[in-house]
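Q: What follows is a structure written as structure tokens; I'll ask about it next.
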Amino acid sequence: MKAYNEYMNKILVSETLHQRLVSSPDNVRLKSRPIMIKRYVAAFACLTIILLGVLTIPQLMQNNVIPMLGETPSVSQPSENALAPDTSSKYTLYFNKADFQVAANIAISGHFEQELTVDELNAVFPALVNTRTITATANFQSDKNGATLFNIDAHAVSAAGLKTYIQIGPGAVVLDYGFDVETKASDVLGTLVTAGYFETNSNSKGLRNVIYFATFKLSDVAYYVELGGTETEKEALKNEISELVGLLIKGGAGDLNVFHPVVPELRQDRLNLDEACADVDFGAYLPAEVPAGFVFEDALRFINQEQDALFVNWRKGMGYIDWRVSILNDNDKTRITSIVDKKNYDLSLYPIPRADSVPDDLREIVDNPIFLSEEITLEAVQARTYKITDTGDESGSRMCFGVLYGDILVEIRVKGASSEAMFDILQQIKK
């Protein structure tokens, strides 16, 4: 993932698309969206999806990398003393050619997740635990009546390092790929399997990537299996997915009744400005006033397993003040800087395009530094302020940074307000 992030940091996009991307909950998260679970697709499809503006970024499927394995209850590893399963039977799949790719997002109301324990992995993947290293996450949906299983996302890594994505769901799954013609199914141990493959366009070296996938049902449990890589690996990929499908069917339907989820605290409440200011946890960290012309747009109080935050947004034409308040977490701590360390935040040191001028080891902190409230100065805010003139966009000063008040983090993203005005607002908080 680190290599992927470093690569994406070198990509330049328009300011309009930049604003759409950073408004995602997975980035600066100054606005929140409904919980969306993106189906895992091959790594070479990620760039296209992001540049099209899809705001949920899929995880990478890296076939040639075996993850670091520790003594964790959510990883099932083959035992050295386990008997090898009978793999003498060859399972033949007919792969239909897929005509198009579907970038489907799935909304889950009241979503929360939990990693599967070793016992749960044994119950859900009885035929794989002795042949593959498995990690999995169960996605649940909840309401006032409790929680139900939505699906399970899993990755199975072979001894050769091939990493296959497996999704299991009660009743049905949705394909990532579509067919324009009628498909031919394969019979594997009495179970009908619809398998397919999808090829990308050739890259600059004339090579294509290929994704193999298959779907089937065992009783009322639906399965989707996906494996991708370069076209030079296709025989190994086909053999691996065929063997996995056969093992899953031979092992029988996974036990989806093994879970006993406890619904965590979840909240997604739209608020007016008075309600936001009255929030017992974060309301005191909102501006008492905003610069003239800015009008309140919306506010959201959001809590899930990863976030506990208050989002408030004001607008003035194409200008904005986006405000996020949360409790400092461990990941945020790496972005804290002293005002003495100008290399960590002074944008005058890094001419646009900053993808070329900011050193890789400073990229994260320069993109969005965090100042201590007792240290921040007007000069520091001015060092975070810059202007960009784009066709179709109004001019205005832009800035993006955070300020830490004790253990409460305020992150702002601003266009159209002066450094002086924003510094005064930040100085008035909690006084």
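Q: May I ask for the equivalent-ellipsoid semi-axes of the range 207-314, computed as the square root of five times each C-alpha gyration tensor eigenvalue and listed largest first in whole Å?
A: 50, 23, 10
Q: According to the Kirkwood expression over distinct Cα-Cα pairs, how big is the hydrodynamic radius of the range 209-265, in Å?
A: Mean inverse Cα-Cα distance, inverted, gives 13.3 Å.
Q: Charges on Cβ only, +1 for Lys and Arg, -1 for Asp and Glu, centred on the Cα centroid of the range 132-208; of Ala136, Leu149, Phe179, which one is farthest towards the dipole's positive end?
A: Of the options given, the answer is Ala136.
Q: Kirkwood hydrodynamic radius (Cα pairs, Å) of the range 277-431?
A: Taking the inverse mean of 1/r over all distinct Cα pairs, the range 277-431 comes out at 16.2 Å.
Q: So, one more: Against the 2.2 N^0.38 Å scaling, with N counting residues, where does the range 345-431 land? I'd like the Cα-based Rg ratio to two decimal places.
A: Normalised Cα radius of gyration, the range 345-431: 1.13.
Q: Same structure, new question: Sort out for me the Cα centre separation of the range 286-333 from the range 204-280, rounded to whole Å.
A: Taking the Cα centre of each part, the range 286-333 and the range 204-280 sit 32 Å apart.
Q: May I pose another question? Using only the Cα atoms of the range 143-239, each taken as one equal point scatterer with no solvent, compute I(q) by the Debye sum, divide by I(0), and report log10 of the ratio at q = 0.13, 0.14, 0.18 Å⁻¹.
A: Result of the Debye calculation: -0.56, -0.64, -0.96.
Q: Also, I was wondering about something else. What relative contact order, as a whole-number percentage, does the range 252-337 give when Cα pairs under 8 Å and 6 or more residues apart are counted?
A: Once normalised by length, the contact order is 25 percent.
Q: Dividing the alpha-carbon radius of gyration of the range 156-207 by 2.2 N^0.38 Å (N being the number of residues), what value is obtained?
A: 1.53
Q: Another question, if that's okay. Leaving ligands, DNA and RNA out of it, report the carbon-plus-sulfur percent of the accessible area of the range 252-318 at a 1.4 Å probe.
A: For the range 252-318, the apolar C and S fraction of the accessible surface comes to 48 percent.
Q: Counting pairs of alpha carbon atoms under 8 Å apart in space and at least six apart in sequence, what relative contact order in percent does the range 97-245 give?
A: That works out to 20 percent.
Q: Residue by residue through the range 320-326, what is 3J(HN,Hα) from phi via Karplus (6.51 cos²θ - 1.76 cosθ + 1.60, θ = phi - 60°)? Round to whole Hz and write x for glycine and proline.
A: Residue by residue, the range 320-326 yields 7, 10, 10, 10, 10, 10, 7 Hz.
Q: Sort 295-303, 128-136 for me by packing, meaning the mean count of neighbouring Cβ atoms within 10 Å per residue, highest on top.
A: Descending mean neighbour count gives 128-136, 295-303.
Q: Quick check on packing: order 177-186, 417-426 by the mean number of other C-beta atoms within 10 Å, highest mean leading.
A: In descending order of packing, they fall as 417-426, 177-186.
Q: Peptides 147-156, 108-117: what's the order by average Cβ count within 10 Å, highest mean first?
A: 147-156, 108-117
The values are calculated or read from the model by the stated rules, or taken from the named source; none is laboratory data. All values derive from a computational prediction rather than experimental measurement. All Cβ positions, even for glycine, are placed from backbone atoms using ideal geometry, and neighbour counts span all protein chains on display. We work out accessible area using only protein heavy atoms, side chains counted, and drop any ligands, DNA or RNA first. Shrake-Rupley method; radii C 1.70, N 1.55, O 1.52, S 1.80 Å.
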